[in-house]
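Below is one structure, written out as C-alpha cells; comments come after it.
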Amino acid sequence: MNLLITGGTGYIGSHTVVELLKLGHDVAIVDNLANSSTQVLPRIEQITGLSPRFIEADICDRAAMDKVFSENAIDAVIHFAGLKAVGESNDIPLSYYHNNVSGTVTLLEVMAEHKVKNIVFSSSATVYGENNQSPLVETMPTSATNPYGQTKLMIEHILFDLAKSDPEWSIACLRYFNPIGAHESGLIGENPNGIPNNLLPYVAQVAVGRLAQLQIFGDDYDTIDGTGVRDYIHVVDLALGHVKALESLDKIDGCQAINLGTGNGTSVLQIVEQFKQTAERDIPYQIAPRRAGDIATVFANAELANNLLGWQAERGLVEMITDTWRWQSQNPNGFE
Ligand code: NAD
Ligand code: UDP
C-alpha cells in the first residue's frame, strides 16, 4: 500500500515506519519536527535497508497537505502527528486544540478532497478518564481531565461523526496504553525533549546518570505495593498493532475504537526493580506526593484487538526494559 504517516519521525511513528517498510509498503512521512529530528531517518534506513520519503510539513498547513496528496497516490493514512505532553497542555491549551484538533480536521478535509478515506488514528487510554474500573473496555463511557485528553476525545468524536456521515470512511481509533521500549537494534527509541514526564524515559535517564533520582508519585494507592499501576506495552508490539489495523480497515464498519494494551498491570516499584536487574545499576528514588490527575490503576481489556485485528502483544516486561536500556545506554544523548 501507499501510506502517509503523519508524525512518522516521532517515537511510535518511527517504529511503525520500520515495520511497514519491512513488509514492502511504500511510505511517505509528513512531520513538522516539533518533537523529533531527521536524524531518525538514516537509522530507519540502517535497520530496513530502505528509506521512507520525508516531507517536512505541518498538518495544519492546508496548502502543504494538499500538495502532499496531489504528488503522492496515498491509499491510507496513519495519523500520529500531535502534541502529547499533558502538563504542557494545561499551560498552552490553545496550541493543543489548534495543533491536534484543527490539524486533524485540516488533514481529514484534504483526505476527503483527494478521496482517501482510510485512516488509523493515535488515540489514548486517557479517553477513559477517571471514573472507569480497569480492565478498560471500549464500550465504557469516555471523558477527559486535561486539554491533551480533550483533544484525543474531540478527535474521536469527529471521526465517529465523519464515519456516520459517509460510509466510505474506514477508521480505527487505536487507544494506546503505555508505550515503552525501543527497537531491538538500539538504533531508534524514545527521545524526549528536556526532562521526561513519563516514567520509563525518566528511569532510563536516572540509570544512565543524566538525572540524579526518580520521584515516585505516591506510595499509598490501593495497589499491590501502593504505587501506580499501568499497562506498559512494547513500542514494536504497538507498531505491529498499526499494521494489523491497516490490514483490517476493510473489515471495520465506520469508525471503531480499539485498545492496544497487554491486559497486564505493572507498578512503578516493579518497573524500578526490573530496570535495576536489567541495567545492573542502582536507581535511586524518593517517594513524593501523588501527581495531580493520576489514578491508581489503568490496564486494558485487550480482547477486541485480538478478535477484530488478530493482534495481541507478544513482548513481556523484561524485553521492554532490556530494549529501553539498550537504546538509552547506546544513545545517552538521544539522536545527537
Ligand atoms: P512524538 O512526539 O514522538 O511523535 C509525534 C510526532 O508528531 C513528532 O515527530 C512531532 O514532530 C510531530 N508533530 C506534532 N505536531 C505536528 C504537526 N502539526 N504537523 C506535523 N507533525 C507534527 O510522540 P509519540 O509518543 O510517538 O506519539 C504519537 C502519537 O501517539 C501522538 O498523537 C500521541 O498523542 C499519541 N499517544 C502517545 C502515547 C505515548 O505515551 N507516547 C500514548 C497515547 C497516545
Ligand atoms: N511516575 C512516577 N514518577 C515519574 C513519572 C511517572 O512515579 O517521574 C508514575 C505515575 O505516577 C504513574 C506511572 O509512573 O503511576 C506512569 O506514569 P506515566 O506518566 O509514564 O504514564 P501515565 O500516568 O500517563 O499513564
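The values are calculated or read from the model by the stated rules, or taken from the named source; none is laboratory data. As the structure is a computational prediction, the values presented were derived from the model and not from experiment. Quick reminder, even Gly has a Cβ in these numbers, built from the backbone with ideal geometry, and neighbours come from all protein chains shown. Remember, those area values only see protein heavy atoms, side chains included, never the ligands or the DNA or RNA. Shrake-Rupley method; radii C 1.70, N 1.55, O 1.52, S 1.80 Å.
Quick notes on this structure:
- Residue check for Lys84: of a type in the set (D, E, K, R), in contact with a helix residue (DSSP H, G or I) (Cβ under 8 Å, 6 or more places away or on another chain) and either open to solvent by 40 Å² or more (accessible area, probe 1.4 Å) or assigned to a helix (DSSP H, G or I) (or both): yes
- Complete set of residues in the stretch 277-301 that are surrounded by 14 or more Cβ atoms within 10 Å (Cβ to Cβ) and more than 16 Å from ligand 2 (Cβ to nearest atom): Thr278, Ala279, Arg281, Asn301
- Number of the exception - Ala204 against (1) open to solvent by less than 70 Å² (accessible area, probe 1.4 Å); (2) touching a residue at least 60 places away in the same chain (Cβ under 8 Å); (3) assigned to a loop (DSSP other than H, G, I, E, B): (3)
- In the set Ser36, Ser122, Ser89, only one residue is crowded, with 19+ Cβ neighbours inside 10 Å and in a strand (DSSP E or B); that residue is Ser122.
- Residues satisfying the criterion are absent from the stretch 238-245 (criterion: surrounded by fewer than 17 Cβ atoms within 10 Å (Cβ to Cβ), in contact (Cβ under 8 Å) with a residue 60 or more places away in the chain and in contact with a strand residue (DSSP E or B) (Cβ under 7 Å, 6 or more places away or on another chain)).
- Single condition Ile252 does not satisfy, out of (1) more than 10 Å from ligand 2 (Cβ to nearest atom); (2) surrounded by fewer than 17 Cβ atoms within 10 Å (Cβ to Cβ): (2)
- Residue count for the stretch 207-237, restricted to those that are part of a strand (DSSP E or B) and touching a strand residue (DSSP E or B) at 6+ places or on another chain (Cβ under 6 Å): 8
- Some residue of the stretch 181-192 being buried (at least 19 other Cβ atoms within 10 Å of the Cβ), among the charged types (D, E, K, R) and either more than 15 Å from ligand 2 (Cβ to nearest atom) or not in a loop (DSSP other than H, G, I, E, B) (or both): no
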